[in-house]
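Note sheet for the following structure.
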Amino acid sequence: MELRALDKVLPPKITVVLLKGAAYIVQQQEFAKGRMPNDVDLLVKRSDLNEAEAALNAAGWVSGNHQ
């Protein structure tokens, strides 16, 4: 559900890489069955970061720690 919501919010021109649990679920990995992630970790190009964050914030998403 969250991944579909993210897909609607983020501009299509931004390439998003899913990390960890979300990536396992999208890839339909056997060990991901029944997994209920409590967050979604995303990776975007540094040049797209401000636009991605602005789109997410405008839609009510809250960002966590930035590395």
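Can you tell me which of K13, K20 is surrounded by 10 or more Cβ atoms within 10 Å (Cβ to Cβ) and either touching a helix residue (DSSP H, G or I) at 6+ places or on another chain (Cβ under 9 Å) or on the phi > 0 side of the Ramachandran plot (or both)? Steps first, answer last, please.
Values: K13 fails: surrounded by 10 or more Cβ atoms within 10 Å (Cβ to Cβ).
From the options K13, K20, the qualifying one is K20.
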* To do: Look at the range 44-67 and say how many of its residues are modelled with pLDDT of 80 or more and either surrounded by 11 or more Cβ atoms within 10 Å (Cβ to Cβ) or in contact with an Asp or Glu (Cβ under 8 Å, 6 or more places away or on another chain) (or both).
  => 13
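The values are calculated or read from the model by the stated rules, or taken from the named source; none is laboratory data. Just so you know, these numbers come straight off a predicted model, no measurement behind them. With ideal geometry, Cβ positions are generated from the backbone for all residues, glycine too; neighbour counts draw on all protein chains shown.
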